[in-house]
1. Take Arg130 and tell me if it is of a type in the set (D, E, K, R), surrounded by fewer than 17 Cβ atoms within 10 Å (Cβ to Cβ) and over 30 Å from Phe45 (Cβ atoms).
2. Could you figure out which of (1) at pLDDT 95 or above; (2) closer than 24 Å to Ala247 by Cβ isn't true of Pro323?
3. Just one of the numbered conditions (1) under 23 Å from Ile88 (Cα atoms); (2) outside any helix (DSSP H, G or I) is not true of Thr170; which one?
4. Determine if region 7-29 includes at least one residue that is crowded, with 23+ Cβ neighbours inside 10 Å and either under 30 Å from Asp264 (Cα atoms) or at pLDDT below 95 (or both).
5. State all residues of region 321-340 that are assigned to a helix (DSSP H, G or I) and buried (at least 20 other Cβ atoms within 10 Å of the Cβ); if no residue qualifies, say none.
6. If you take just the strands (runs of 3 or more DSSP E) that sit entirely in region 259-312, which of them hold at least 2 residues that are in contact with a Lys or Arg (Cβ under 8 Å, 6 or more places away or on another chain) and touching a residue at least 60 places away in the same chain (Cβ under 8 Å)?
7. Looking at this structure, is Glu203 outside the structural domain of Glu356 (by TED's automatic domain parsing) and either crowded, with 21+ Cβ neighbours inside 10 Å or not basic (Lys, Arg) (or both)?
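The values are calculated or read from the model by the stated rules, or taken from the named source; none is laboratory data. A quick note: this is a predicted structure, and the numbers were derived from the prediction, not measured. Backbone-built Cβ (ideal geometry, glycine too); neighbour counts: all protein chains shown.
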Amino acid sequence: MTGYDVIVVGAGASGLNCARLLSRSGLRVVVLEARERLGGRIHTFHPADGGPPLELGAQVVHGEHNPVHELAGPDRTAAVPRRVTARIVEDGAHREMGLLSFGRRAPWQLEAMLQRAPGVTGLSVGTWLRAHGSTGPEAAAAGEWFRQNWAAEPEELSAAGIAAAHAGDTAGEGEFAVEGGFARLPERLAEGLDVRLGVPVRELAYRPGRVTVETGTGTAAARAAVLTVPPAAVGGIAGLPADKLTAAAQLPSGDGYCAVVTLDRPAPDTVIVFDVDGRSGFTRCAAGRPEVLLVAKAGAAAELRAAAGDRAALAALLATALPWTADAAVLGLTVADWGRDRYAGGAFTAPRAGLEDAARQWAEPVDGTLFFAGEATVTGERLPWVHGALESGERAAEQVLKALRRT
């Protein structure tokens, strides 16, 4: 593998978008992906009977102005139906979601307050919550809300980073699904590109204007390289500069675990359950379908991981969140264990209190030759969802084009 202008490491949303833009500009680009599939942390589950797909990675398209709408193809996204029964599990009991705002501030209200709050520099989310009088059940619910939305403990989360990420977001309002599953996006982005699957990069060497990478199948060389590997997973690549490894160590990915449980009967209603107790994250089912989707981050990811290894424990966890499953049999279980995925290292990277500059340091190009993309490069600046990853790929492509035009 020689004779390229640019090597892109990683075929997730950021890497494929970067490669697409560079290729459109006339550069010779190859994408090297360690997995045997496209998409990175976009991973769609398709039921065997052809039912609606479920997402084991990125869940929804956030906002009506999200670039995914255009990139997925005309009329291939639709608003997520709002006809859903919302519930919580709190103190082991299955309750109405509305109780989260009965006599207290709901978690989403507190996050909205944080987005507009002045003087949050240097504070953790936990500190900010206490400073605003959030205690008792309100604090417990808010803490778990931040864990599930940001994959990190409130005491570690940067209040300023979360506020800045929301302020910098231009995707708009609403949630949307991609027809046929989110995996359609990387498939579309990869059209016409030279993508090599099952090719992990093991070592990287560079000098200004020249990069060589060693893979499990040989050597590739180019004028520049774009690394889109999550910082939590770069330990498997030798040759990175010491300052990059330091920055990567300050950008851990939060634990994440997703599971689709197929039962022997369909759900009677469309329900979403938020587990305030921190055992199962968010649980969803759709009326008439036998699948239950669980999406858990931070401590709840570890709880769900443990339960998934014991059918009785898993059944008990489901019955607490969805009482209708109490006497249902588990027919199938499909999981995506992002916390133990060696190519992901976790769910995604959230801004950490006291380490707000790490993302900028990780994103900084090296000698006009090494470039960096991925949601971790924009954390604390943009929301670390798919559209943040896409934007990071676009930014890296612009940096590469500018550097190569000077040589």
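1. Taking the combined requirement at face value, the residue satisfies it.
2. All conditions pass for Pro323, except number (2).
3. It is condition (1) that Thr170 fails.
4. No, the conditions are met nowhere in region 7-29.
5. Listed by number, the residues that qualify are Ala321, Thr325, Trp338, Gly339.
6. 271-275, 291-297
7. Spelling it out, it is not the case that Glu203 is outside the structural domain of Glu356 (by TED's automatic domain parsing) and either crowded, with 21+ Cβ neighbours inside 10 Å or not basic (Lys, Arg) (or both).
For every residue, the table says whether it meets (1) touching a residue at least 40 places away in the same chain (Cβ under 8 Å); (2) over 25 Å from the mean Cα position of the chain (by Cα).
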{"residue": "Tyr4", "(1), (2)": "yes, yes"}
{"residue": "Val9", "(1), (2)": "yes, no"}
{"residue": "Leu21", "(1), (2)": "yes, no"}
{"residue": "Ser25", "(1), (2)": "yes, yes"}
{"residue": "Pro53", "(1), (2)": "yes, no"}
{"residue": "Glu70", "(1), (2)": "no, no"}
{"residue": "Asp91", "(1), (2)": "yes, yes"}
{"residue": "Glu96", "(1), (2)": "no, yes"}
